[in-house]
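First up is the structure itself, then whatever we jot down about it.
Computed from the coordinates by the stated procedures, all read-outs in this text should not be read as laboratory data. Computed from a predicted model, the values in this text were never measured in an experiment. Positions of Cβ are backbone-derived with ideal geometry, glycine not excepted, and every protein chain shown enters the neighbour counts.
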Amino acid sequence: MNLSANLNKNFISFIEKFPPIPTNLQKLIKLLNDENSNFNKLEKEIAYNQSLSVNLLRLANSAYYGYNQSTASIAEAVKRVGINTVKKIAHIELIKTKLNKDLNSYKINARELWKHSLSTAIIAEYLSSHKYPSFKSKSFITGLVIDIGKICIDNYLSSQNIILFDEKNSINENYILNLERKIIATDHAEIGGLILKNWNFPEEIVLTIKYHHNPEDAPANTLKQSAIIHIADLLSLAAGYGYKIDKKDVKLSPKALKILNLKFDEVFELIEYNLINLEELIQRWLV
């Protein structure tokens, strides 16, 4: 972790310059999080975002919701899918624009990165429903933003012509974290937390992302959330989304398992038997 002051300053400037949330999405997310927001105002904000409107209508008219007649009405689409699903779509719109690039320093392409984020979100939501229901509504969104720090780091490393690792290296998350810390004196979890704080995300999500690789160190009010995202992240990798690693190489934190009162084999059984259609669920959101 011995970096020159120059390099640290350069990297800090990359964090500060990381693109903010587009104004239209910022307004929409604020409305969605406000229980007292006006429905007509919400409908108008959705309509202003063409891509979001298209994806909302696509989902509302899908076989998943079982309606016989299709609709072209934003208001009807919101009623069909519910506000929580609209929140998911809004955050997908936000995150997919950031994750829509190959991370050359990490040797991962945009589609793999996006599928890892989506699968982590889906697994996290499932785990939350069983182990910490009060986090369920935020778990999907937290899973989506799990790798936002890697985008910022990759931007910086690319500008310095630094490759984090080559394809000859065996890859696991601990290996990546150690390399990040060696080169920039921090890691993608901490950078992700900083970016989300700059984006005015809820503190619960900011801290959960910051501590998802060391959930045992998280503040007491985000201990279970951090453990859920830690496990969801690694289960996604074990399922083949992101870096290709074998199940035997998945290093789940024993402390994270203890926090959620889970056993190693029990975690895999939960996912293998209850999320057997994980790829289908990912495709539902993959737009």
Legend entry - Rough spin-label spacing in nm, given labels placed 7 Å along Cα→Cβ, for residue 283 and residue 268: 2.6 nm
Legend entry - Listed pairs 9/251; 115/150; 17/115; 115/258; 27/87 exceeding 24 Å between Cα atoms: 9/251; 17/115; 115/258
Legend entry - Within the chain, helix-based [θ] at 222 nm, where runs of 4 or more DSSP H residues each add -39,500 (n - 2.57), nearest 500: -19500 deg cm²/dmol
Legend entry - Distance-filtered residues of segment 228-242 - backbone nitrogen under 20 Å, label point 7 angstrom along residue 179 Cα→Cβ: 233-242
Legend entry - Label-point gap, in nm, between residue 48 and residue 35 - each point 7 angstrom along Cα→Cβ: 2.5 nm
